[in-house]
Amino acid sequence: MEEYLKIEREKEWRVELRTKLKNKERTTIERVQMPGLDPIERIQYQDREVNLGLDEASAITEASRCMDCVNPTCIEGCPVSINIPKFIKNIERGEMHEAAKTLKETSALPAVCGRVCPQEKQCEAQCFYTLKLKKEPVAIGYLERFAADFEQNSGSISVPETAEKNNIKVAAIGSGPASLSFAGDMAKLGYDVTVFEALHEVGGVLKYGIPEFRLPNRVVDVELASLEKMGVKFERNFIVGRTASFDDLKEEGFHAFFVASGAGLPRFMNIPGENFNGILSSNEYLTRVNLMNAAKSEFDTPVLRGKNIAVIGGGNTAMDSVRTAKRLGAERAMIVYRRSREEMPARVEEVLHAEEEGIEFLNLNNPIEYFADENGRVNRMRLQKMELGEPDASGRRRPVVVEGSEYDIPVDVVVVAIGVSPNPLVPSELPELKVSRWGTIEVDPETMQSSIPDLFAGGDIVRGGATVILAMGDGRKAAAGMHQYLQTKQNNLVSEPSAIKNAD
């Protein structure tokens, strides 16, 4: 990797570009701001994207801030190892298609990642500006989105090169970011990849979990089409373990499996009244709106609407839920979170957007009981005030109850977004599979191989709930690990399809 980066950096066009501006000049350029829809306008629509993207001039100016470091620490912060300086320098010289191609060298979903990945905690946190200059980092995420969108909007979309087909069939279970990343890398290596999705739409959490005002479905669909052009096949409405067993798939010729079935099992707080009508999980709430079009008049999918809606939690899913509630007509849409604003795990941008949209934040509050009307519909919640104590295992200060601080507020819908558990596999299918007490699959962290040699896993089924980009990183690791495993298993006959057929 280091040698590759060095060779790329010393290419003539990169050297010439570095001489166009002195580093001192580059560091005086102010970081670009992302333009967005006016809050009053955007809360009227579920499918109007809030961030509008950079124009070409702004992208080139922002790209010129990058100093093309000898040691690009930004790459160390990227779970899928994008060659960040190379794609940014391509933008600076106006080669937008080359920038997009660079992203696709290691990322199967650049237009997605440019929108939803927490760059501020990853690549941008490792930018030279952040680490050494104590200035705002290069807007890597904005530029990633710009390059990917430029290519999509141009109508000329490049498809990564793939090796000659080796006729080895592998399966990915689930179609979220981990599986899509895995599928892309395996297709590049020449494998015959099939992705099995239980639902009628491919995309996993990208489709059912993230609202269109943050990630439009059309953007995801273009990325999926690129994978199909690489040879990846998608089987919808297919539950591995029900529609067909692992043994059935092995009989059909599948040599290895990547399990990335996600974490869609909701968690609740188990407090009095939690079973009243009007209280539901964020998974159900967002799936009804995002995947089943409940907000659109031409669809008959029901969804709970209310005047006073409370969302319990402080992560990105909670922000997605409460902002969805606002768009569904809530007069008072509230976040109830037991820690302070500083401890909230949601992206800073998502919190700011929520505030702009009139979301109310009840920090340092925790629900302890719900009450209902005569029809069993929730109409009131009891909150208890909290204060921060000493840090816990997560490094955040532990919330401590303020005795005698209980008070009630009216609510007619409550959405619980306090985390998820892994989607359970069919236990009888894989009795020898080692899982943790939380139901996550135990894997080798370097290869993502499970206790069953031909089964690899990644994403939320391993992590129990994480970001899109971390799941994608797992998919890339699993592809590399599975490739090595299959090479060894087939006695290095991966490149000889006829020999493999004979071995079978």
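The values are calculated or read from the model by the stated rules, or taken from the named source; none is laboratory data. Worth saying up front: this structure is predicted, and the values here are computed from it rather than measured. Here the Cβ is made from the backbone with ideal geometry for all residues, glycine too, and neighbour counts use every protein chain on show.
Some notes on this structure:
- Against the list (1) over 15 Å from Leu5 (Cα atoms); (2) surrounded by fewer than 24 Cβ atoms within 10 Å (Cβ to Cβ); (3) not hydroxyl-bearing (Ser, Thr, Tyr), the condition Ile91 fails is (2).
- Those residues of the range 114-138 which are touching a Lys or Arg at 6+ places or on another chain (Cβ under 8 Å) and among the hydrophobic types (A, V, I, L, M, F, W, C), in sequence order: Val116, Val138
- On inspection, Asn379 qualifies as among the polar types (S, T, N, Q), more than 32 Å from the chain's Cα centre (by Cα) and either surrounded by 15 or more Cβ atoms within 10 Å (Cβ to Cβ) or at pLDDT 95 or above (or both).
- The range 128-159, subset among the basic types (Lys, Arg) and in a helix (DSSP H, G or I), residue farthest from Arg65 (Cα to Cα): Arg145
- Some residue of the range 147-166 being under 17 Å from Cys74 (Cα atoms), touching a helix residue (DSSP H, G or I) at 6+ places or on another chain (Cβ under 7 Å) and touching a residue at least 40 places away in the same chain (Cβ under 8 Å): no
Yes/no matrix, rows are residues, columns are (1) touching an Asp or Glu at 6+ places or on another chain (Cβ under 6 Å); (2) in the same structural domain as Cys117 (by TED's automatic domain parsing); (3) surrounded by fewer than 21 Cβ atoms within 10 Å (Cβ to Cβ):
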site	(1), (2), (3)
Ala295	no, no, no
Pro302	no, no, yes
Arg305	no, no, yes
Met319	yes, no, no
Leu328	no, no, yes
Ile335	no, no, no
Arg338	no, no, no
Glu343	no, no, yes
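- Qualifying position, being in contact with an Asp or Glu (Cβ under 8 Å, 6 or more places away or on another chain), crowded, with 16+ Cβ neighbours inside 10 Å and assigned to a loop (DSSP other than H, G, I, E, B), among Ile418, Ile452: Ile452
- Single match in Arg31, Arg18, Arg65, Arg42 (criterion: more than 26 Å from Met472 (Cα to Cα), of a type outside the set (Val, Ile, Thr), touching a residue at least 60 places away in the same chain (Cβ under 8 Å) and surrounded by fewer than 18 Cβ atoms within 10 Å (Cβ to Cβ)): Arg31
- Residue check, Thr162 in a loop (DSSP other than H, G, I, E, B) and either hydrophobic (A, V, I, L, M, F, W, C) or surrounded by fewer than 24 Cβ atoms within 10 Å (Cβ to Cβ) (or both): yes
- Flag for Arg437 being within 30 Å of Leu304 (Cβ to Cβ) and basic (Lys, Arg): no
- In the range 23-41, the residues that are in contact with a Phe, Trp or Tyr (Cβ under 8 Å, 6 or more places away or on another chain) and not in a helix (DSSP H, G or I): Val32, Met34
- Residues of the range 389-415 that are within 32 Å of the chain's Cα centre (by Cα), in a strand (DSSP E or B) and under 17 Å from Ile335 (Cβ atoms): Pro399, Val413, Val414, Val415.
- Candidates Gly184, Gly141, Gly176 - the one that is within 21 Å of the chain's Cα centre (by Cα) and either at pLDDT below 95 or under 23 Å from Arg93 (Cβ atoms) (or both): Gly141
- Among the residues here, Ile418 qualifies as closer than 20 Å to Asn316 by Cβ and touching a residue at least 60 places away in the same chain (Cβ under 8 Å).
- Among the candidates Glu390, Glu432, residue that is charged (D, E, K, R), touching a Ser or Thr at 6+ places or on another chain (Cβ under 9 Å) and surrounded by fewer than 16 Cβ atoms within 10 Å (Cβ to Cβ): Glu432
- Between Glu151, Glu164, Glu144, the distinction of being touching a Cys at 6+ places or on another chain (Cβ under 7 Å) and farther than 30 Å from Leu265 by Cα belongs to Glu144 only.
- Being aliphatic (A, V, I, L, M) and within 19 Å of Thr130 (Cα to Cα) is a description that does not apply to Ile60.
- Of all residues in the range 224-252, exactly one satisfies the criterion of being touching a residue at least 60 places away in the same chain (Cβ under 8 Å) and part of a strand (DSSP E or B), namely Val240.
- When residues of the range 477-490 are limited to those that are touching a helix residue (DSSP H, G or I) at 6+ places or on another chain (Cβ under 9 Å), surrounded by fewer than 24 Cβ atoms within 10 Å (Cβ to Cβ) and modelled with pLDDT of 95 or more, the one nearest to Phe257 (Cα to Cα): His483
- All positions within the range 289-317 that are in contact with a strand residue (DSSP E or B) (Cβ under 9 Å, 6 or more places away or on another chain) and of a type outside the set (Gly, Ala, Ser): Leu304, Arg305, Lys307, Asn308, Ile309, Val311, Ile312, Thr317
- Selection status of Arg9, surrounded by fewer than 18 Cβ atoms within 10 Å (Cβ to Cβ), farther than 30 Å from Ala354 by Cα, basic (Lys, Arg) and modelled with pLDDT of 95 or more: no
- Take the conditions (1) of a type outside the set (A, V, I, L, M); (2) touching a helix residue (DSSP H, G or I) at 6+ places or on another chain (Cβ under 6 Å); (3) not assigned by TED's automatic domain parsing to the domain that holds Ile82; Glu144 misses just one of them, which is (3).
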